[in-house]
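Structure, as structure tokens:
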Amino acid sequence: MIILRNAERYRTLPQWLGLGIMAVGVWAWTEKDTFNNLSRLTNVALDPAFILILVGTVTFIIGFTGCVGALRENTCLLAAYAIFLALLLLMEMTAGVLGFIFKDWIKSQATGGFQAFIIHYREDPDQQNLIDWIQEDWLQCCGIEGPKDWDRNNYFNCSSSDIGSREACGVPFSCCKRKPNEIIKNKQCGYDVRKPSYNFEVAKVIYEKGCVQAGEEWMERNLLPIASGAVVTAFAQILGICFAQNLRADIFAQKAKWH
């Protein structure tokens, strides 16, 4: 019983980690004045700050029930902890199966989400930073199917040159290939690259592969590590459920001796 209790005490880390993640998300919303302008919540599912709040809340609740349940020997909290972990495991398994079966639907949803990112690129700093990270650091891509997709954005649309946008017929700097030994990236490297009169070879300046294709190729390359991570996560969750159930059984057995 003492061993199980000490093992559960190590689960205070997810509790504080979840609280920290949730606090970062709330802070991000405060910085964007979201609480005073609820109209910003129209694209809440695509808001990185909302995702942080959601993940942080779930992590905190699971960590709290496990930690307090173990320290206080509260069988109700331990049962809740086991149920939360079981539900999370079930949802993960369901998502994995459905992801394999409905991969075309998921691809279309990802495409729609990326379109929304492109359209609102200049409206939300969090979404802007996220798409820049995806294009530049993660997948080395540009647009959904290619650079032409940036025509969906009012700033990068080729017709925006009529209203004086210097970014018209261009792409964000995150589409540009990093030059050797480049320390500070030129933020104007994507200007005019989609104009017919562009003087340089476009393929040497920006990524021409779309992010959907790049994402599929990344998944294929990293299928084994992803599967291994999923198995390890599932094992850890099952172990947590077993710890909670064993501790509950020990508590009930100890109480039975008292009576």
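The values are calculated or read from the model by the stated rules, or taken from the named source; none is laboratory data. Keep in mind the model is a prediction, meaning the values are calculated, not measured. No Cβ is skipped: glycine too gets one built from the backbone with ideal geometry, and neighbour counts run over all protein chains shown. When the accessible area is computed, the model is the full protein with side chains, heavy atoms only, and any ligands, DNA or RNA have been set aside. Shrake-Rupley method; radii C 1.70, N 1.55, O 1.52, S 1.80 Å.
A few comments on the model shown:
- For the chain: rounded, prolate or oblate by the Cα gyration tensor [a/c cutoff 1.5]: prolate
- Per-pair calculated FRET efficiency, R0 = 51 Å: I106 and W258 via Cβ, rounded to 0.05: 0.45
- Of all accessible heavy-atom area on the chain, the percent that carbon and sulfur account for (1.4 Å): 64 percent
- With 0.36 nm allotted per residue and the present C-alpha distance subtracted, the D137-A86 stretch has 14.9 nm of extension available.
- Cys residues of the chain counted as unpaired, since no other Cys beta-carbon is under 4.7 Å: C67, C76, C242
- Of K32/K148; K187/K209; K177/K204, those spanning more than 18 Å from alpha-carbon to alpha-carbon: K32/K148; K187/K209
- On Cα atoms only, tilt of 48-71 relative to the major axis of the chain in degrees: 10 degrees
- Highest-first arrangement of 72-79, 225-232, where packing means the average Cβ count within 10 Å: 72-79, 225-232
- Charge tally around G215: other residues with Cβ under 15 Å, Lys/Arg +1 each, Asp/Glu -1 each, net -4.
- Shape of region 109-193, Cα gyration tensor, a/c cut at 1.5: oblate
- In this structure, the amide hydrogen of I206, modeled 1.01 Å from its nitrogen in the peptide plane, lies closer than 5 angstrom to those of K177, counting only residues at least 5 positions away or on a different chain.
- Normalised contact order of the chain, rounded percent, pairs of Cα under 8 Å and 6 or more residues apart: 20 percent
- Per residue, the chain exposes 62 Å² of accessible surface when a 1.4 Å probe is rolled over the protein heavy atoms with every protein chain present.
- Relative to the dominant Cα principal axis of the chain, helix 223-258 is inclined by about 20°.
- Solvent-accessible area of S160 with every protein chain in place, 1.4 Å probe, in Å² to the nearest 10: 10 Å²
- Region 155-189 and region 219-248 have Cα centres separated by 42 Å.
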